[in-house]
Amino acid sequence: MIEVKNVTKTYGKKQNAFRALNNVSLTIPDGASVAILGKSGSGKSTLMHAMSGLDRPEQGEVVIDGENILKLKQKAVDKFRAEKIGFIFQSFFVQGNESVYDNVGLPLEIARVPRSERKKRIQRALTSVEMLDKVRNKAKNLSGGQKQRLAIARAIANHPKIIFADEPTGNLDSVTSELVEDMLFGYNRDQGVTLIIVTHDEDLAAKCDILVNIKDGNIESVTDRKASEGLASKSPRGVVQI
């Protein structure tokens, strides 16, 4: 479970200060698929960064499995991320001059996984995204869709409990987007991994269990679609706001 409690994040100082998150609270159950929706500048990426330990808000708590990661020292946060969290970004962030194998192995190295075990995990991850045949290719020679599949393999190689995906299909065509979405939701479903997607794509968001709408640093609504379906016969709208 991820519990965000009264988190506030401000960038800049004095007259240049900008409050990206304003006393935000949110609870995400284990194994859920969650879409964080909002326009550019709404605070959705800042919320993801706070939840994952990529950024430190000046106020509040982020509790994952009972541990407030904002209380950890930086090395401990880095270790926590390497062991429990996978990241996928719109711009891929793969190392172009490195091989596919070395790209997937990077978080495993950070987590100090032994070399023999590392090889097994890399091969499993690449097999799951149908890219084992590209294992020795340099990342810069891959297509956009292949780079995103590589990013997924890198994210899942260390068997994370949580995957954060920031606009994961933003740079992809519709056919490749659907393939990437199937991989992400399949992994969420089959492995019980919590999947948190930051997006402005309402069609992608509609595939998630929970929809979080954020505007101007405030959470406007949280819709639990599973609860909605369960109460549809009792509710004329079939939508539950919590």
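Coordinate-derived values only; no laboratory data. Quick caveat, the model's predicted, so the values are computed rather than measured. All Cβ positions, even for glycine, are placed from backbone atoms using ideal geometry, and neighbour counts span all protein chains on display.
Here the peptides 104-117, 84-97 are ranked by packing, the mean other Cβ count within 10 Å, and the order with the highest first is 84-97, 104-117.
Within the stretch 50-89, list the residues whose amide N lies under 11 Å from a label point set 7 Å along Cα→Cβ of K5. The answer is 60-64, 66-69, whose backbone nitrogens lie closer than 11 Å to the label point.
Can you list the aspartates and glutamates whose alpha carbon is less than 18 Å from that of K14, not counting same-chain residues fewer than 8 positions off? Result set, ordered by chain and number: E58.
By the rule of a C-alpha distance below 13 Å, with chain neighbours fewer than 8 residues away ignored, the aspartates and glutamates paired with K79 are E109. Helix 174-191 and the long axis of the chain differ in direction by around 80°, with both axes built from C-alpha atoms.
Once the Cα atoms are used to define both axes, helix 144-156 deviates from the longest principal axis of the chain by about 80 degrees. Among the lysines of the stretch 95-160, pairs at least eight places apart or on separate chains and with Cα atoms under 16 Å apart come to 4. What is the angle, in °, between the Cα long axis of helix 74-84 and the longest principal axis of the Cα atoms in the chain? Nearest 10 is fine, range 0 to 90. Roughly 80 degrees, rounded to the nearest 10. Its Cα centre serving as origin, the chain has a Cβ charge dipole (Lys and Arg +1, Asp and Glu -1) of approximately 880 debye.
In this structure, the residue pairs whose Cα-Cα separation is over 26 Å, taken from K73/K226; K9/K75; K44/K207; K71/K226; K44/K84, are K73/K226; K71/K226. Across the stretch 95-160, Cα-Cα pairs farther apart than 14 Å form 47% of the total.
Semi-axes of the equivalent ellipsoid of the chain are 30, 22, 17 Å, computed as sqrt(5λ) over the eigenvalues of the C-alpha gyration tensor in descending order.
Extension gain for F18-D173 works out to 52.4 nm (0.36 nm per residue, less the C-alpha to C-alpha distance).
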